[in-house]
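Structure, as structure tokens:
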Amino acid sequence: MAEVNKEVQEQTNYEEHEDDFASMLEESFSKSEGGEGIVEGTIVEIKEDSALVDVGKKSEGRLNISEITDEEGNLKFNVGDKIKVAILGYRNERPIISYKKALRKEKVKEFIQNFDESSEEKRVVEGVIIAKNRGGFIVESDDGVEFFLPKSQAAFKDLKNVIGRRVKAYILKIDKDSESIVISRKKYLDAKRRERAALIKSVLNAKEPIEGVIKKITSYGMFVDVGGIDGLVHYSEISYKGPVNPAKYFEEGDKVFVKAINYDKDKRHLSLSVKAAMPDPWEDLKEQLEVGDTIKVTVSNIEPYGVFVDLGNDIEGFLHVSEISWDKNIKHPKDYLKLGEEIDVEVIEIDTENRRLRVSLKALQPKPFEEFLKKYKVGDVVKGVITTITNFGAFVKIDKVEGLLHNEDASWDKSKKCKDLFKVGDEVEVKIINIDKDKEKISLSKKELEESPIDKFIKSHKNGDIVKGKVRGIKDFGVFVEIENGVDALIRKEDLGDLKIDELKAGDEIEAAIAFMDKDRKKIRLSVRKLSKMKEREALNSINEDEKITLGDIIKEQLK
């Protein structure tokens, strides 16, 4: 109703100012053309820069030579030719004439004669503003017809810089007597606004999808023309897969069905959606798929954190990098998969509410730890490759699983650690010393493949041998002594002899006799007390040998 009242008011305003429009137009032509219209004259002389034309006045009119030459400078007329000109005014009683103005006036006359007032479509004209005067602007169409655009109907914020601007306008008045045409850009824009508002309303209220034409494709979406109005399809509204590059699916000029989803009145921004015009595949997914199902998919995108896979029904699933392989050292998914590759995966999560589908590739592969258990056991000697070195040891990859080679199991030399012995990529031979099936952990040893310092010591020594060592540790039950590099022995408290355990300290040197050696348990015990007895016996034997005392001599001595 408001729009109707507005249009009535506009028509009233137009009628009130109709005479003003006409008078301004006449003023425009009278100032520029002298008000005498078009006459026929005869060319009487052609000079270098002008031509003299007899128009029935006291003096000939002077015509600029450029008006009767073509683009190449050739004359269109010769002396004696008849020519129509417009008398624009006088200077010193000589008429100022224009051939081009006459042609324009003729075109205006022809336009008026052929104008169909019943056709609303023909009431819209287009042209370029070529001049201005006190009342408004002169607009020339591409075929040379001139129209008058009053300032009040121009609808420009800035009236200063409009010459050369192309405009569309609505024909307000045609005066056949004065051969003048008054146009209104304001009325044309108002009509277009009403037309746009009606179109937007119909698009927003449309229940069925609307066919549009793609006008422009950008990185963030594409502009679609729906019945003369452009709307933006954001890249997140193209597919149910999520944000996609529209250039992968469409080209400019393609026809596409869309639905309107929003209109911002302030910004005059229409938002459209392609996916809203299609059935929602996530609804069908509820009935078609369950967790645990195996499906065939196509790799559609590869990122460092995982892979997107296409189910073929406008739905994408996500394959996280941790679900690609049982291998824990994946550097990038592209090392395992390539774009366009078809793979079988297992569905591990379906969240239709949040439109999320997660799949797994490794779930369909044999579990490496179970394969390891079938092939190896504790005590087996295997070869592997160092994958990681830490402060506490190194991880060794055996087939598709990793075992831990702890620092204390790497070498009999306790001062050396894995970081001192190996580097990543080294191939090593190790022994499996433990398998924890519950925690899926494997313990390895390298030193057990080498002869231990204790074994070497036991081979070269026997019980009773006298050795020296340094105190390495003191406990309540005895003292640990390092007798060779990497070989420790225990002196029990009761075997310390005259030594006081409280008076001993780390680094003290102790001499003792080997009291016990256990090769299987790799244990050695020493005894200071035994060494003392051995020395006493040795001294006694030495004395007896010097005095040559015999048992008979001793008995005789006792019988005296």
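The values are calculated or read from the model by the stated rules, or taken from the named source; none is laboratory data. What you see is a predicted model; the values in this text were computed from it and never measured. Using ideal geometry, Cβ is built from the backbone for each residue, glycine included, and neighbour counts are taken over all protein chains shown.
Brief remarks on what is shown
- Number of positions in the stretch 73-88 that are out of contact with any helix residue (DSSP H, G or I) (no Cβ under 8 Å at 6 or more places or on another chain) and of a type in the set (Gly, Ala, Ser): 2
- Criterion (within 18 Å of Ile38 (Cβ to Cβ), of a type outside the set (A, V, I, L, M), at pLDDT 90 or above and not assigned by TED's automatic domain parsing to the domain that holds Asn64) met by exactly one of Glu110, Glu140: Glu140
- Hits in the stretch 453-476 - residues which are part of a helix (DSSP H, G or I) and over 21 Å from Ser415 (Cβ atoms): Ile458, Lys459, Ser460
- Residue count for the stretch 442-463 under the criterion of being closer than 21 Å to Lys419 by Cβ and either crowded, with 18+ Cβ neighbours inside 10 Å or of a type in the set (Lys, Arg) (or both): the result is 6.
- Once the stretch 334-371 is narrowed to residues that are aliphatic (A, V, I, L, M) and assigned to a loop (DSSP other than H, G, I, E, B), the residue that is farthest from the chain's Cα centre (by Cα) is Leu361.
- Condition broken by Leu526, with the remaining ones in (1) in contact (Cβ under 8 Å) with a residue 60 or more places away in the chain; (2) surrounded by 15 or more Cβ atoms within 10 Å (Cβ to Cβ); (3) closer than 24 Å to Lys414 by Cβ satisfied: (1)
- Some residue of the stretch 156-167 being of a type outside the set (Gly, Ala, Ser) and within 15 Å of Val124 (Cα to Cα): yes
- Inside the stretch 414-427, residues that are surrounded by fewer than 20 Cβ atoms within 10 Å (Cβ to Cβ) and either under 15 Å from Val385 (Cβ atoms) or touching a Gly at 6+ places or on another chain (Cβ under 6 Å) (or both) make up a count of 7.
- Scope the stretch 63-105; condition small (Gly, Ala, Ser) and either touching a residue at least 12 places away in the same chain (Cβ under 8 Å) or assigned to a helix (DSSP H, G or I) (or both); matching residues: Ser66, Gly80, Ala86, Gly89, Ser98, Ala102
- Remark: Ile543 matches the filter, which requires a residue to be farther than 21 Å from Asp413 by Cα and of a type in the set (A, V, I, L, M).
- Leading residue by the ranking (nearest to Glu353 (Cα to Cα)) among those in the stretch 265-290 that are acidic (Asp, Glu) and part of a loop (DSSP other than H, G, I, E, B): Asp280
- For Leu405, the conditions (1) free of Cβ contacts under 8 Å to residues at least 60 places away in the same chain; (2) within 25 Å of Ile432 (Cβ to Cβ); (3) exposed (fewer than 14 other Cβ atoms within 10 Å of the Cβ) all hold with the exception of (3).
- Strands (runs of 3 or more DSSP E) contained entirely in the stretch 172-261, each with at least 2 residues that are surrounded by fewer than 18 Cβ atoms within 10 Å (Cβ to Cβ): 210-218, 229-234
- Output for the stretch 342-390, where each listed residue is hydroxyl-bearing (Ser, Thr, Tyr) and either closer than 19 Å to Lys446 by Cβ or without any contact (Cβ under 8 Å) to a residue 40 or more places away in the chain (or both): Tyr376, Thr387, Thr388, Thr390
- Of all residues in the stretch 329-379 being among the basic types (Lys, Arg) and touching a Phe, Trp or Tyr at 6+ places or on another chain (Cβ under 6 Å), the one that is farthest from Lys397 (Cα to Cα): Arg355
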